[in-house]
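Remarks on the structure that follows.
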Amino acid sequence: MLLLLVLVSAVFDIEGPCRTAIDQQTEVIAGRVAAGDSFAQPFANRFTFHLLPLERGWEIVIREAGREENLARLTPPWHFVPNPRDIEGWHFRNVDNTGPNDGSVNAPQRIREFIFSPEVGRTIEYEGSATSDMVVARVARYGRGRLVIVDHELTPPVEGERAAFLWMKFEVYLVVGS
């Protein structure tokens, strides 16, 4: 348990805004997923971490038992830049899909941070640009996650097309409130 706390402390910058409180629990999930397949792993006795297939990768989804709501859907940003919950192969290639992302594609890379709360869809709703920082902070105080892509393979580069994942190996670090 101490090793897990040290690991999560390092990953979540315990002195910063992701500080782990005494009343929170931490969990680590590791796995591998192939294109088109889903991944699901229960955690914290009431939630399930999911990777649901997209055309070129996966979406990070957190669900509570008995609900279909994605409790991570208030993870910013919501416009203009790909959301870190969406993990797609083209994020890792340059704009013309001929090589690695050289900065010409503005997208999250190997580390994907997200927030979640069981209050999303109950007392907390997305209100477009009116969604306040206070609402986002309330969600983040309850739950935070960080998916780290450990290894992956993409479709071969073909100029003008968009890359997709063939498979991905990952680790997920979760901090959950009580």
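Taking chymotrypsin sites (Phe, Trp or Tyr not before Pro) as exposed when DSSP calls them loop and at most 16 other C-beta atoms lie within 10 angstrom, the chain has its longest site-free stretch at 1-77.
A simple spin-label model places pseudo-atoms 7 Å from Cα toward Cβ; at LYS169 and PHE80 they are separated by 3.7 nm.
Counting neighbouring Cβ atoms within 10 Å and putting the fewest first, the residues HIS152, HIS79 line up as HIS79, HIS152. For the chain, relative contact order (Cα pairs under 8 Å, six or more residues apart, normalised by length) works out to 25 percent.
Charge tally around ALA163: other residues with Cβ under 13 Å, Lys/Arg +1 each, Asp/Glu -1 each, net -3.
Taking 0.36 nm per residue of sequence separation and removing the Cα-Cα distance, the ALA65/VAL28 pair yields an extension gain of 11.4 nm.
The amide H of ARG85, built 1.01 Å from its N in the peptide plane, has no neighbour under 5 Å, considering only residues 5 or more places off or on other chains.
Modelled label positions at ASN106 and GLU55, each set 7 Å beyond Cα in the direction of Cβ, lie 2.2 nm from each other. Between the helical axis of 2-12 and the longest alpha-carbon principal axis of the chain there is an angle of about 60 degrees. Computing Rg/Rh (Cα atoms, Kirkwood Rh) directly from the structure and comparing it against [x] 0.97; [y] 1.22; [z] 1.00 singles out [x].
Counting only alpha carbon atoms, the long axis of helix 133-142 and the longest principal axis of the chain meet at about 80°.
Counting only DSSP H runs of at least 4 residues, each contributing -39500 (n - 2.57), and dividing by the residue count of the chain, the helix-based mean residue ellipticity at 222 nm comes to -3500 deg cm²/dmol.
Residues whose amide H comes within less than 5 Å of that of PHE43, counting only those at least five positions distant or on another chain, are THR48, PHE49 (H built at 1.01 Å from N in the peptide plane).
Measuring from centroid to centroid over Cα atoms, what is the spacing of segment 56-104 and segment 150-178 in Å? If we compute the Cα centre of each part, the gap is 9 Å.
Every number here is computed from the coordinates shown, using simple stated rules; none is lab data. Remember, it's a predicted structure, so these values are computed and weren't measured experimentally. Note: ideal-geometry Cβ built from the backbone for every residue, glycine included; neighbour counts use all protein chains shown.
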